[in-house]
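See structure below.
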Amino acid sequence: MRKDLLYTLKPHELTKEHLTRTLNSHPEVQFVSLAAVDLIGHETDTKIPVRLFLEDLDTFLYGFAAQTDGSSVFLPKIATLNNAKVDMKADPSVNWFVEYNETLMDLETGKPVGTLKIPCFLYHDGVAVDSRHILQEAETVMKKDILEAFQSPSLQKEFGFTAEDIDEVCLTTATELEFWVKSPNTSGDIEALSTSQELKEQYWSKTRGAVRSALEETLILMDRYGIEPEMGHKEVGGVRAKLNDHGRFEGVLEQLEIDWKFSSPKQTADYELFVKNLVREVFIRYGLEVTFLAKPLDKIAGSGEHTHFSAAVKLKDGKRVNLFHSTREDFLSSIGYGAIMGVLKNYEVINPFVTSSNEAFKRLKKGYEAPISIVCSLGYEPAVPSRNRTILIGLIRDEKNPLATRFELRAPNPHTNTYLCMASMFMAMKDGISYAVLKEPEELLKELSKTPEESFDYLGKGRAYRTEKDVFDDFTDEERERYFGVAPETVYENIKGFFQYPEKTQILKAENVFSEKIIDSYIDGLLYKWYTEIDHRIIPTFIQEIRSFKKFHKDGVFLDDRANWDKVERLKISLMKNTDKGKGVFNYMRQAVEQKEWDTLSETQKLMYDKMDELRLAYKEYKENLLDLQ
């Protein structure tokens, strides 16, 4: 963690003169990497010698920095085989970082070899088609609409200023990164993990050994990069590591969280990608593996990435005003109510960008403090803020600090494409705000707090959108669905939201932020990823697990053992084997993939998960009833 390294280049430093001078004075920075983010969330990485970068600096700064044939990015239906050229253009409006290879030293300087990471946009046929650019456009549209909203006399009266008084609209966002860390070859004892989780033994407890060192080094490096870490701590999942004969901890299996200060939307998403890479590199140096999977261990706490949203204006007199915070005794301003109502009304077309993987749906199960219903929480009264952890989106406010008022979206996970999540959220907020600017906050609170039987101009009949109750424990399954709708359970059911709610999809397409081509490409990519993962990862993994379920008892000794094993066998056969009575579930699913029967595949995927849960429980009961395991 040397102080003489080049860590960050800020937007005002991204000039020819400054870049040339700085890179020449830091010869350890030997490469440049063009980092663009495609629609599925993959980030590109290249290694271009700094010498070539400096020789052609004009092109890198002001033109297309490089080209690819489309094979390095995932843009289905856009970068096709017969029209594959994709151009990369540098983004000088955000920080550029230098990533260091601590295992490779520059012989002349004795410093680690560095790579300047340049965030980029992707262009196809002259049109930007990448995640970063979509977020940039959504932010621009949201700011423009907020500025126009202040032409409204009712809004001017509520806040006490006009559009002419506004110097700048400021959107701020932040994420919280959760992840699991473990020693190589360590696997989890589900019973021990579950017990530790129930007893809250790990949450905010002391980190030790290599985990402590890696976490502390990560936070120090984040500070060096100007990312301004706020906290690193243990999360709820994990078990205590053991000290071996050499005085080192082994059997590490812990869940951690790292938080950092809010920033502008695009910078927030860039920070997230950078921090994930930083975490991986640092923990590897301490002999630890990191996973950002949403649900790496069945029945144990998954990893979320709660995402925060706020909006403010900077007035020409220098004053800063949070636009979500109420100017009177209320939960929110009219803009705040409109923003959250827009999200709740249109969430069916936001959700595909938030929950986009099989792994993510494993996390969104009732009872695990991860949201499954489209519902918000504000608090019992304005003076008593609450933190209901069972809802989709909640209000966070502090009467002593109005600038801290914000919304927390609880559904994202570390593999959510944060760029597209934020972009879709802004488009939905914009829609709600356009409705709310002509309403009084009291009217909007009444509409947001409606019952399923009530109908209003924006939030129609058939659903409720707010509760202060526990969504899981205070409602039966039937009540929860009647109040808040039926939650999708698979990636395909989520994708169908685009087609079931075309009027909501149009909200995303406003001002061509999410163009028809972009949405079609995203759907095609998500669909391909969904069924390919089922066919090539999930089913083979389950087959391996099923084959590990061995018979231990001797026939004829205890009838209960035989009966318990017979149940295990029936479930194994129903999943894996073709018989004269029909296909096994896995083969039925593979047939659905071959024939592109997506509804069948989606329904059978849910059946597969149910049967696997039933099988695991049956095998557990079988083993627990045995006297000996021979």
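A few notes on this one:
- Listed by chain and number, the aspartates and glutamates whose C-alpha is less than 13 Å from the C-alpha of Lys117, apart from same-chain residues fewer than 8 away, are Glu43, Asp45, Asp91, Glu99, Asp270.
- Loop trypsin sites (Lys or Arg not before Pro), region 543-603 (other Cβ atoms within 10 Å of the site Cβ: 10 or fewer; DSSP): Lys550, Lys581, Lys596
- With both labels modelled 7 Å from their Cα along Cα-to-Cβ, the Glu108 to Arg212 distance reads 4.2 nm.
- For Lys117, distant residues with modelled amide H under 5 Å away: Ser33, Phe97, Val98, Glu99
- Of the residues Ala436, Pro296, Gln136, the one whose Cα sits farthest toward the positive end of the charge dipole of region 134-514, with +1 on the Cβ of Lys and Arg and -1 on the Cβ of Asp and Glu, is Pro296.
- Theoretical FRET efficiency, 1/(1+(r/R0)^6), r = Cβ-Cβ of Arg328 and Phe499, R0 41 Å, to 0.05: 0.45
- Histogram of C-alpha separations across the chain, 20 Å bin width, %: 17, 49, 30, 4, 0
- In plain terms, the residue of Glu178, Glu235 with the fewest other Cβ atoms within 10 Å comes first and the most crowded comes last, giving Glu235, Glu178.
- Overall, the chain carries a charge dipole of about 1000 debye about its Cα centre when +1 sits on the Cβ of Lys and Arg and -1 on the Cβ of Asp and Glu, all other atoms neutral.
- Under 17 Å from a label point set 7 Å out along the Cα-to-Cβ vector of Phe64, the amide N atoms of region 78-114 belong to 78-91.
- Residue range of the chain that is longest and free of chymotrypsin sites (Phe, Trp or Tyr not before Pro) which are both DSSP loop and sparsely packed (at most 13 other C-beta within 10 Å): 1-203
- Exceeding the 19 Å Cα-Cα cut-off - candidates Lys16/Lys89; Lys551/Lys581; Lys551/Lys620: Lys551/Lys581
- Likely footprinting exposure, Val557, Val32, Val113, Val211, fewest C-beta neighbours within 10 Å first: Val557, Val113, Val211, Val32
- Antiparallel DSSP beta bridges within the chain, percent to nearest 5: 90 percent
- Taking other residues whose beta carbon is less than 11 angstrom from the beta carbon of Thr355, and scoring Lys, Arg as +1 and Asp, Glu as -1, yields -1.
- Filter on Lys266/Lys439; Lys111/Lys266; Lys143/Lys400; Lys85/Lys430; Lys430/Lys596; Lys47/Lys276 - keep pairs with C-alpha separation over 28 Å: Lys266/Lys439; Lys111/Lys266; Lys85/Lys430; Lys430/Lys596
- Only Lys, Arg, Asp and Glu carry charge here, each on its Cβ (+1 for the first two, -1 for the last two); on that basis region 8-129 has a dipole of about 140 debye about its Cα centre.
- Annotation for region 572-630: GluC sites (Glu not before Pro) lying in DSSP loop with at most 15 further Cβ atoms inside 10 Å of their Cβ are Glu597.
- Computed extension gain for Asp628 through Glu443, at 0.36 nm per residue and net of the alpha carbon distance, reaches 59.8 nm.
- Local electrostatic count, Glu329, Cβ distance below 11 Å [Lys/Arg +1, Asp/Glu -1]: -3
- The local environment of Leu147, defined by Cβ-Cβ distances under 15 Å, has a net charge of -3 under the rule Lys, Arg +1 and Asp, Glu -1.
Quick note: the coordinates plus some simple rules give every number you see, no bench work behind them. A quick note: this is a predicted structure, and the numbers were derived from the prediction, not measured. As a convention, Cβ positions derive from the backbone with ideal geometry for all residues, glycine included, and neighbour counts pool all protein chains shown.
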